1. Identify the single condition in (1) assigned to a strand (DSSP E or B); (2) more than 14 Å from every other protein chain (Cβ to nearest Cβ) that B:TYR27 does not satisfy, given that it satisfies every other one.
2. Could you list all residues from the range B:1-13 that are in contact with a strand residue (DSSP E or B) (Cβ under 7 Å, 6 or more places away or on another chain) and exposed (fewer than 11 other Cβ atoms within 10 Å of the Cβ)?
3. Restricting to the range A:25-48, name every residue that is away from every other protein chain (no Cβ under 14 Å) and either open to solvent by 70 Å² or more (accessible area, probe 1.4 Å) or under 15 Å from B:MET100 (Cβ atoms) (or both).
4. Could you please let me know if B:SER80 is open to solvent by 10 Å² or more (accessible area, probe 1.4 Å) and in a loop (DSSP other than H, G, I, E, B)?
5. In this structure, is A:GLN103 buried (at least 20 other Cβ atoms within 10 Å of the Cβ) and on the phi < 0 side of the Ramachandran plot?
6. Quick check on the range A:59-68. Is at least one of its residues away from chain B (no Cβ under 12 Å) and of a type in the set (Phe, Trp, Tyr)?
7. If you go through the range B:28-68 one residue at a time, how many are in contact (Cβ under 8 Å) with a residue 40 or more places away in the chain, open to solvent by 20 Å² or more (accessible area, probe 1.4 Å) and within 21 Å of B:GLN2 (Cβ to Cβ)?
8. Looking at the range A:44-60, can you tell me whether even one residue there is more than 11 Å from the chain's Cα centre (by Cα) and among the charged types (D, E, K, R)?
Amino acid sequence: DAGVIQSPRHEVTEMGQEVTLRCKPISGHNSLFWYRQTMMRGLELLIYFNNNVPIDDSGMPEDRFSAKMPNASFSTLKIQPSEPRDSAVYFCASSLSRTGSAQYFGPGTRLTVL
Amino acid sequence: AQSVSQHNHHVILSEAASLELGCNYSYGGTVNLFWYVQYPGQHLQLLLKYFSGDPLVKGIKGFEAEFIKSKFSFNLRKPSVQWSDTAEYFCAVFWNAGNMLTFGGGTRLMVKP
């Protein structure tokens, strides 16, 4: 079975550029989560969707961050403009529901903003 | 606010030693409990989960965890660690009264060959 798919796996960009991260959840899962992981702050939940609808985006750090889920099989996390402090590994995870089912993580996108 | 605490940030063991990683969570009520493992350079993988029933849960790779409701704890154990268990381990709790999975800060385990 295909797990959560993320692309790109690595992204290096310059400060000020737009960055778009992509995620395809596990088929049949109806909840999707975006996390950011850094050494300093650990694992942080940025936003999560249930049935394609954003439920809680309180973890999104700034207006420079936005996320969309146009359909059940695709989500994007966009940073515009990017800054060096955005450098992190961004994980997407999906689960069957938002009521406490296990979340399954993708391989992550390692973002470096120069 | 609901929180998950992993008091051991770093643990160093020799191969064949026994492992116990602590996880405590705030508040009571009904919870779902998880342990995830993150091997170096990789993503989080589910080790085991507890929803209800037998409080001693068996997971993959010889890991187990025990839910002690009175202590709000869900400690992870393995009787004999291997070098390949070197990784970061995350405890996570979902409170049924809430709507969010909360992760602990993680414990980095290093197993010396």
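The values are calculated or read from the model by the stated rules, or taken from the named source; none is laboratory data. It should be emphasised that the depicted structure is a prediction, and the values quoted were computed from it without experimental measurement. Glycine also receives a Cβ, built like all others from the backbone with ideal geometry; neighbour counts cover every protein chain displayed. The area values use the complete protein model at the heavy-atom level, side chains included, leaving out ligands, DNA and RNA. Shrake-Rupley method; radii C 1.70, N 1.55, O 1.52, S 1.80 Å.
1. Of the numbered conditions (1) assigned to a strand (DSSP E or B); (2) more than 14 Å from every other protein chain (Cβ to nearest Cβ), the odd one out for B:TYR27 is (1).
2. Within the range B:1-13, B:HIS9, B:HIS10 meet the criteria.
3. A:SER27
4. Judged against the criteria, B:SER80 is a match.
5. yes
6. Scanning the range A:59-68, I find at least one residue that is away from chain B (no Cβ under 12 Å) and of a type in the set (Phe, Trp, Tyr), so the answer is yes.
7. 3
8. Yes; the residues of the range A:44-60 include at least one that is more than 11 Å from the chain's Cα centre (by Cα) and among the charged types (D, E, K, R).
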